[in-house]
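Novice: One structure, as structure tokens, below. Some questions next.
Every read-out reported here was derived from the displayed coordinates using simple, explicitly stated rules and does not represent laboratory data. Values in this document were obtained by computation on a predicted structure and should not be read as measured data. All Cβ positions, glycine included, derive from the backbone under ideal geometry; neighbour counts span all protein chains shown.
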Amino acid sequence: MNEETTALTTPEEETQLAAPAGAALTMWNDSKLLASAYKAAKFLASSDIVPEQTYKGKPANCLIALDMANRMNISPLMVMQNLFIVKGKPAWSGSFCVAAINGCGKFSPLKFVNDGDGGVYAKATRLSDGELCKGATITMQMAKDEGWLQKTGSKWKTMPEQMMMYRAASFFARAFCPEVLMGIQTIEEVQDVKGYEPDEQPTIHISLTTAGATGSDQNSIQEGEYHDA
């Protein structure tokens, strides 16, 4: 541990990480902050609470999660519970996308609306000006045309309504508040394009449900509402 910390604070690296004049100090431009953050990342990596596959014993991944948490002003554990590596890409859980929109303070609670023709869209009122923001409508025809439905293990075949809501939420975020997802796709978006891992259970990773929930309860969105048009 001492060797790794020392390696982060050598004079050469301190020179390389000197922040430009007037720039705010971060772990990426200040060696002391980087060493401190890496120490915290190692503590997190040793915890039994963090997700095992992505963060347990992986301080480098924890360091990135710490940076994301700082930039988003949320708990590092919140990031680690909802940011996964899917097909080599970082991806948010679908439920986190909904929670991030609702928690950003810019909109009324997100609502999912059935358009009457089998499509679903997300809407919310922007608090700054009272404008109603409506995301793109997601349909099963879209899922078929885009090839999402044909993927092996695709949940579009078994839980289409849930998948439409998750996708409607991500489309809403891309259009009206892309900063809340930091440019990162959701798990469903990555899987719909790249497919599922061979040994992966094609289920939605939910960590924001109540304790003790199982089965279909874990696949329900607790943060949003669903309404018929």
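Novice: How do Met80, Met165, Met68, Met142 line up, fewest other C-beta atoms within 10 Å first? All intermediate terms of the calculation are to be shown ahead of the outcome.
Specialist: Working: Met80 26, Met165 23, Met68 18, Met142 15.
So the residues, fewest neighbours to most, are Met142, Met68, Met165, Met80.
Novice: Among Ile74, Ile138, rank each residue by its count of other Cβ atoms within 10 Å, from fewest to most, as a rough exposure measure.
Specialist: Details: Ile74 16, Ile138 26.
Ranking Ile74, Ile138 by Cβ neighbours within 10 Å, fewest first, gives Ile74, Ile138.
Novice: Ok, one more. What is the gain in length, in nm to one decimal, between Arg71 and Ala175 on full extension, counting 0.36 nm per residue of separation less the C-alpha to C-alpha distance?
Specialist: Values: separation 104, 0.36 × 104 = 37.44 nm, distance 2.04 nm.
Gain on stretching Arg71 to Ala175: 35.4 nm.
Novice: In what sequence do Cys97, Cys104, Cys133 fall when counting other Cβ within 10 Å, fewest first? Intermediate values should be presented prior to the final figure.
Specialist: Details: Cys97 33, Cys104 14, Cys133 17.
So the ranking, lowest neighbour count to highest, is Cys104, Cys133, Cys97.
Novice: Follow-up. For segment 46-145, what does the alpha-carbon gyration tensor say about shape, rounded, prolate or oblate, given a ≥ b ≥ c as the root eigenvalues, a/c under 1.5 as rounded, and a/b over b/c as prolate?
Specialist: Values: a/c = 3.38, a/b = 1.67, b/c = 2.03.
Judged from the Cα gyration tensor, segment 46-145 comes out oblate (a/c at least 1.5, b/c at or above a/b).
Novice: Quick check: pseudo-label points 7 Å beyond the Cα along Cα→Cβ at Met182 and Ile49, how many nm apart are they?
Specialist: 1.9 nm
Novice: Could you rank the peptides 173-183, 54-64 by their average count of other C-beta atoms within 10 Å per residue, with the highest value first?
Specialist: The packing order, highest mean first, is 54-64, 173-183.
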